[in-house]
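**Q** Once you've had a glance at the structure underneath, I'll fire off some questions.
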Amino acid sequence: MATASSPYPGECAPLRDQGTLTDADQVARFASAVANNTTRVLDIDAVYESEYLKGARVLITGANRGVGLDLAKEAASKGAVVIGACRSSSKELDECASQVITGVDVTSVDDCMRMAEKLSGEAPVDILINNAGYFPDVADDFTSGPAYEEAIKQYDICALGPLRVSHALVSKGCIKSPGGKIIMITSQGGSVTWRQVQNANEGTDYGHHMGKAAANMCGALMAEELRGKGIAVANLHPGFNRTDMTRKYEHIWDIEGAVEASVGAKRVWHEVGRVTLTQAGCPFVNCEDGLEIPN
Ligand SMILES: NC(=O)c1ccc[n+]([C@@H]2O[C@H](COP(=O)([O-])OP(=O)(O)OC[C@H]3O[C@@H](n4cnc5c(N)ncnc54)[C@H](OP(=O)(O)O)[C@@H]3O)[C@@H](O)[C@H]2O)c1
């Protein structure tokens, strides 16, 4: 077991007080927010703090569409210098980003290194958002059989992808140190504890949930390794957003409180602003309500 000393001794406090866990039952969670008129869930604009984005350099992977695109648009609208990384760009990303780096497949070490080399002569990035992800619409259970090929792809993109991107950027000095942040956009699907509620009496989605659990572990390990460099790493669930990825769940968007990605992006940036080095690591935050999800 590693016992390396940190220049930030004692820096491992929990992000939230105990008793502030969010509810695993998403239908009940949203119904409760509506019944109690919970501002944080229903009206992010009322609590949104985004001042820190002004002038910040932010790099977002998978920035061409979905949550990543709205994270880019929102940050740009608040005065951030947005670097959008993607496999292929989109008109909307081209219009909002200060810089777009195409040809970045997060499953490729070479692509990630090429991106880091491109950025290495520039001012370091304040915030890296590891957003790129993959969740195909395939049966993945004991009835149809586990979707092994897709599972490997999900693990590669969602768990190893952020490690490739983060390692490439940190190794080339592209993340501000000390003072930078690395944000892992994972998923509530990665909570092992919550499977007994969200997958009660059924398995399913082995590839997605195992890949996101591994992504959470990646974030927890990077938080420890990079703490000494003054880089804070955090795992965030972006909430339920109406994107291409979740179109297969369109029938439950309303009952589970899925929001447009423009709203989801504000929720994420609000939580990114709250991440500190002290709070980096294990705590896993639900951007829908700002509460903690158990690992
Ligand atoms: N939407 C939700 O409700 C929700 C909930 C929980 C977690 N999340 C997480 O939030 C993130 C964004 O989700 P989303 O809903 O915006 O998904 P999405 O609409 O499917 O977009 C996925 C993004 O990831 C990129 N991507 C996929 N594979 C890639 C690869 N190998 N290399 C580089 N980029 C790749 C896609 O680029 P291409 O256009 O090139 O395919 C696209 O930009 C994901 O990590 C997802 O798991 C979303």
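The values are calculated or read from the model by the stated rules, or taken from the named source; none is laboratory data. Fair warning: this is a prediction, and the values are worked out from it, not measured in the lab. A quick note on method: Cβ atoms are made from the backbone with ideal geometry, for glycine too, and the neighbour counts reach across all protein chains shown.
**Q** Name the one entry in Gly179, Gly145 that is touching a residue at least 12 places away in the same chain (Cβ under 8 Å), at positive phi and out of contact with any strand residue (DSSP E or B) (no Cβ under 7 Å at 6 or more places or on another chain).
**A** On the way: Gly145 fails: touching a residue at least 12 places away in the same chain (Cβ under 8 Å).
It is Gly179.
**Q** Starting from residues that are out of contact with any helix residue (DSSP H, G or I) (no Cβ under 7 Å at 6 or more places or on another chain) and within 11 Å of the ligand (Cβ to nearest atom), keep the ones in the range 152-184 and report whichever is farthest from Leu277 (Cα to Cα).
**A** The residue in question is Lys153.
**Q** All but one of (1) crowded, with 24+ Cβ neighbours inside 10 Å; (2) over 22 Å from Arg114 (Cβ atoms); (3) touching a strand residue (DSSP E or B) at 6+ places or on another chain (Cβ under 6 Å) hold for His208, so report the exception by its number.
**A** (3)
**Q** May I ask you to say which residue of Val104, Val41, Val100 is part of a loop (DSSP other than H, G, I, E, B), within 26 Å of Tyr134 (Cα to Cα) and among the hydrophobic types (A, V, I, L, M, F, W, C)?
**A** Details: Val41 fails: part of a loop (DSSP other than H, G, I, E, B); Val100 fails: part of a loop (DSSP other than H, G, I, E, B).
Step by step, each of Val104, Val41, Val100 is checked, and only Val104 is part of a loop (DSSP other than H, G, I, E, B), within 26 Å of Tyr134 (Cα to Cα) and among the hydrophobic types (A, V, I, L, M, F, W, C).
**Q** While we're looking at this one, here's another question. Give me the residue from the range 258-274 that is closer than 16 Å to Thr22 by Cβ, in a helix (DSSP H, G or I) and at pLDDT 95 or above and, out of that set, nearest to the ligand (Cβ to nearest atom). Don't jump to the end; show me each part of the working.
**A** We begin by selecting, within the range 258-274, every residue closer than 16 Å to Thr22 by Cβ; these are 258-259, 264, 267-268, 270-271, 274.
Filter once more, so that each one left must be in a helix (DSSP H, G or I): 264, 267-268, 270-271, 274.
The next check asks that each one be at pLDDT 95 or above; those that pass are 264, 267-268, 270-271.
Working: Gly264: 7, Arg267: 11, Val268: 9, His270: 16, Glu271: 13 Å.
The selected residue is Gly264.
**Q** State which residue pairs qualify: first residue closer than 21 Å to Ser166 by Cα and within 16 Å of the ligand (Cβ to nearest atom) and inside the range 48-75, second residue of a type in the set (Lys, Arg) and in a loop (DSSP other than H, G, I, E, B) in any location, beta carbons under 8 Å apart, and separation of 6 or more residues or different chains.
**A** These pairs meet every condition: Asn64/Arg87.
**Q** Let me ask you something else. Which of the residues spanning the range 44-90 are part of a helix (DSSP H, G or I), surrounded by fewer than 24 Cβ atoms within 10 Å (Cβ to Cβ) and not acidic (Asp, Glu)?
**A** Ile44, Ala46, Tyr52, Leu53, Gly66, Lys73, Ala76, Ser77
**Q** Sticking with this structure for a sec: Could you say whether any residue in the range 140-147 is more than 12 Å from the ligand (Cβ to nearest atom), part of a loop (DSSP other than H, G, I, E, B), under 20 Å from Thr246 (Cβ atoms) and touching a His at 6+ places or on another chain (Cβ under 8 Å)? Quick ask: steps written out before the conclusion?
**A** Going through the range 140-147, the residues more than 12 Å from the ligand (Cβ to nearest atom) turn out to be 140-147.
So of that shortlist, the ones also part of a loop (DSSP other than H, G, I, E, B) come out as 140, 142-144, 146-147.
Pick out the ones that are also under 20 Å from Thr246 (Cβ atoms) and you get 140, 147.
Cutting the leftovers down to touching a His at 6+ places or on another chain (Cβ under 8 Å) gives us 140.
Yes, the range 140-147 contains a residue that is more than 12 Å from the ligand (Cβ to nearest atom), part of a loop (DSSP other than H, G, I, E, B), under 20 Å from Thr246 (Cβ atoms) and touching a His at 6+ places or on another chain (Cβ under 8 Å).
**Q** From (1) buried (at least 17 other Cβ atoms within 10 Å of the Cβ); (2) out of contact with any strand residue (DSSP E or B) (no Cβ under 9 Å at 6 or more places or on another chain), pick out the condition that doesn't hold for Ile255.
**A** (1)
**Q** In addition: May I ask you to list pairs of residues, at least six apart or on different chains, whose Cβ atoms are under 7 Å apart, with the first in the range 225-243 being at pLDDT below 95 and part of a helix (DSSP H, G or I) and the second being surrounded by fewer than 23 Cβ atoms within 10 Å (Cβ to Cβ) and among the aromatic types (Phe, Trp, Tyr)?
**A** Going by the 7 Å Cβ cut-off, the qualifying pairs are Arg227/Tyr8.
Residue by residue, here is whether (1) more than 16 Å from the ligand (Cβ to nearest atom); (2) out of contact with any Phe, Trp or Tyr (no Cβ under 8 Å at 6 or more places or on another chain) holds:
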residue	(1), (2)
Asn199	no, yes
Ala223	yes, yes
Gly239	no, yes
Arg242	no, no
Glu256	no, no
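**Q** I'd like the full set of residues that are away from the ligand (no atom under 11 Å from the Cβ) and either over 26 Å from Glu271 (Cα atoms) or within 18 Å of the chain's Cα centre (by Cα) (or both), limited to the range 91-115.
**A** Result: Lys91, Val109, Asp110, Met113, Arg114.
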